[in-house]
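First comes the structure, then the notes that go with it.
The values are calculated or read from the model by the stated rules, or taken from the named source; none is laboratory data. Everything quoted here is computed from the prediction, not taken from an experiment. No Cβ is skipped: glycine too gets one built from the backbone with ideal geometry, and neighbour counts run over all protein chains shown. Surface areas here come from the heavy atoms of the whole protein model, side chains and all, with no ligands, DNA or RNA. Shrake-Rupley method; radii C 1.70, N 1.55, O 1.52, S 1.80 Å.
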Amino acid sequence: YGISSSSFATSDVIKNLEYINLDNCFYIGSKIFTNAHYISEIILKDCQIVSDQAFGSGSSLTKVDLRNAYHIGSSAFCNNPKLSDVNVESVMILGQDAFKNCGMSVLSLPNAVWINNGITECKNLRDIYLNSSIKTTFSSDCFNGCNSNLLIHVPSSQYSRYCIEDGYNYISVYDENI
């Protein structure tokens, strides 16, 4: 099951919608809840794909639970400055500007393999955690406009791989056996 693109784009149904919790919804189409300014929480535990601009420009969004999503499209959550609680533990691919100008301070991406400028202009973002077994590839200006003290935490066994191949100097190490 899924919700197709622009399903509610011109609908009065979403004008005062504050909370979304959809079980058995595997796909969210593009621009479906763009500019839904009252939505504060989205729980889509079964969703696997969130399309481009699905939840962009929401002024009240604070929490997103997409624990089984493997793909988040371009600008899917762009311009949600209050978005601070993000669960995307299964995501493998982040589209361009997926989380541009969002408010989270910590982001865990244990399964990410490609981040295409997906995390830009996140001024509060201090820490990103990556997994030990997957080499995440970043685009050249992936973290453009983010907090200047941003740390990307990688397992000690992957440290040299990231520093040499990607040239990032803001890599932190953690012991993956803890």
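Of the residues making up segment 82-98, those that are assigned to a loop (DSSP other than H, G, I, E, B) and closer than 17 Å to residue 31 by Cα are 95, 96, 97, 98. Evaluated against (1) open to solvent by 10 Å² or more (accessible area, probe 1.4 Å); (2) over 24 Å from residue 38 (Cα atoms); (3) modelled with pLDDT of 90 or more, residue 94 falls short on exactly one condition, (1). Between 111, 101, 79, the distinction of being over 21 Å from residue 35 (Cβ atoms) and in a loop (DSSP other than H, G, I, E, B) belongs to 111 only.
If only residues of segment 52-73 that are in a loop (DSSP other than H, G, I, E, B), in contact (Cβ under 8 Å) with a residue 40 or more places away in the chain and closer than 14 Å to residue 118 by Cβ are counted, the one that is most open to solvent (accessible area, probe 1.4 Å) is 70.
Total residues in segment 74-88 satisfying the condition of being touching a strand residue (DSSP E or B) at 6+ places or on another chain (Cβ under 7 Å) and either β-branched (Val, Ile, Thr) or open to solvent by less than 60 Å² (accessible area, probe 1.4 Å) (or both): the figure is 6. Residue count for segment 98-145 satisfying the condition of being farther than 13 Å from residue 81 by Cα and open to solvent by 10 Å² or more (accessible area, probe 1.4 Å): 24. Here residue 69 fulfils each of the conditions (1) under 11 Å from the mean Cα position of the chain (by Cα); (2) on the phi > 0 side of the Ramachandran plot apart from (2). Before we move on, is residue 162 surrounded by 17 or more Cβ atoms within 10 Å (Cβ to Cβ), in contact with a Phe, Trp or Tyr (Cβ under 7 Å, 6 or more places away or on another chain) and at pLDDT below 70? In short, yes.
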